[in-house]
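Below: the structure, in structure tokens.
The values are calculated or read from the model by the stated rules, or taken from the named source; none is laboratory data. For clarity, every value in this text was computed on a predicted model and none was experimentally measured. Because the Cβ atoms are built from the backbone with ideal geometry, glycine has one as well, and the counts that use them run over all protein chains shown. Surface accessibility is based on the protein's heavy atoms, side chains included, excluding ligands, DNA and RNA. Shrake-Rupley method; radii C 1.70, N 1.55, O 1.52, S 1.80 Å.
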Amino acid sequence: MAPAEAESKVGKENLAAHRWHNHNCFNPAHLIRLGVTRRGTPVSLNRLLTQFDLSVVLGLMEPHLLLGFSGGLKMILPGCAGKETIGRNHLQGMLANRFNYVGAGAQHSPVRLDLEEGAGLLQKELFLVNAVLNHDAEIVRFFCGDPVKAFRAGADFVRRSSAVMIDEPADVVITNSRPFDADLRQGLKCLGNVLEATRPGGLILGLLYCQRGLGDLSTPFLTLPYRTLRMLLHAMGPKWLPSFTRWAVLHEPLEQQFLDQFGLRMLERNELWCFSENLQRTTFRKLGALRRFPSLPAMIAEAEKTVGQSATVSVFPYGGLTYAPRGWA
């Protein structure tokens, strides 16, 4: 977190009155190597975690593309991990043909199982305090205690409270990033959350507020124009796509590769269009997986021209927090 962000969350007076540490995954001096998970993730965590008998793990539970739901020991790994550990753990979710685990639950996500094993290498007592939010970002429930058992209970609650059951996938899904409107990294979640609500080949229209712009999201080193990239991925098909996406992002930092892979695999399945008043046009030129529109009316008009007036449409006004579960029928 930037110092200004920390002050806004914790309070300037509180930060001045207490000893605190801002984790940096890029600084080897902050890290200690603890071992390797059975899935091959080398585990390096912040060495301060090894110096205390008890750590209280604070976090938020919400739908998550790679974990099913965020929260739990995610605050330890990747939250307090080194960049290689973060990258290897996240790539666990990109190895199989299935790449979207939102709402699936911890028992189905290799990323979740890998991070829980990695955090266990600390061999220290951990106490979980996880909050669940409503659509207005207000806390409605806490889940506390054993970091795995309490997380599983919380995941069951979020699965029931955040899932939106649909009759059939729509031709067009309009999704809003609210309540996770801070930046593009957070805003993009609303696209993945509605993947199962959209028929293959359908349109996903994202309204991305991005109050702080791009945030800390890195843009790809090299990309193609949106239309060219989608045609290439679509021609390649699902058989060769996983291998291609792994090859295409080899030049990217390890911790960034999973985001690029995820975006490419979503783009092969669906059209990804977006509108944001707070992002510059030059930003989207570096994000070939997203097609930018200058205004909301322009995006809606193009969608109508593409699919026709008789197309089915679903709207997710709180797309950052709600999701369409797999196996909705």
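Brief remarks follow.
- Within the accessible area of the chain (1.4 Å probe), percent carbon and sulfur: 55 percent
- For the chain: relative contact order, % (alpha-carbon pairs under 8 angstrom, 6 or more apart): 19 percent
- Approximate spin-label separation His23-Thr228, in nm, with each point projected 7 Å along Cα-to-Cβ: 3.9 nm
- Label-point separation in nm, Ser218 to Ala301, each point 7 Å along Cα→Cβ: 3.9 nm
- Computed over segment 108-224, the Cα gyration tensor eigenvalues convert (square root of 5λ each) into semi-axes of 29, 20, 16 Å, ordered from largest to smallest.
- Exposure rule at most 12 other beta-carbon atoms within 10 Å, DSSP loop GluC sites (Glu not before Pro): the chain longest free segment: 139-276
- Helix content alone sets the calculated 222 nm mean residue ellipticity of the chain: runs of n ≥ 4 DSSP H residues at -39500 (n - 2.57) each, divided across all residues, give -10000 deg cm²/dmol.
- For the chain, the solvent-accessible area of protein heavy atoms averages 49 Å² per residue (probe radius 1.4 Å; ligands and nucleic acids excluded).
- Segment 19-75 shape via C-alpha gyration tensor axes, a/c threshold 1.5: oblate
- Taking one quarter of the surface of the C-alpha convex hull of segment 218-320 gives a mean projected area of 7.7 nm².
- Prolate/oblate/rounded label for segment 178-230 (Cα gyration tensor, a/c 1.5): oblate
- Once the Cα-Cα distance is subtracted from the 0.36 nm per residue extended length, the Cys144 to Leu54 segment shows a gain of 31.0 nm.
- Nearest-10 value in Å² for the accessible area of His108, using the 1.4 Å probe: 100 Å²
- Across Lys74/Lys305; Lys189/Lys305; Lys149/Lys239; Lys83/Lys124; Lys149/Lys286, pairs whose alpha-carbon gap is larger than 31 Å: Lys74/Lys305; Lys149/Lys239; Lys149/Lys286
- Trp20 accessible area, assembled protein chains, probe 1.4 Å, Å²: 130 Å²
- Summarising the amide proton neighbourhood of Arg212: residues at separation of 5 or more, or on other chains, whose placed amide H is nearer than 5 Å comprise Asp183.
- Segment 138-166 and segment 261-297 have Cα centres lying 31 Å from one another.
- Of all DSSP beta bridges in the chain, antiparallel share, percent nearest 5: 35 percent
- Gyration tensor (alpha-carbon) shape descriptor, segment 11-137, a/c threshold 1.5: oblate
- In plain terms, the bigger the Kirkwood radius, the slower the diffusion; for the chain, with that radius from Cα pairs, at 4 °C and 1.567 mPa s, Stokes-Einstein puts D at 63 µm²/s.
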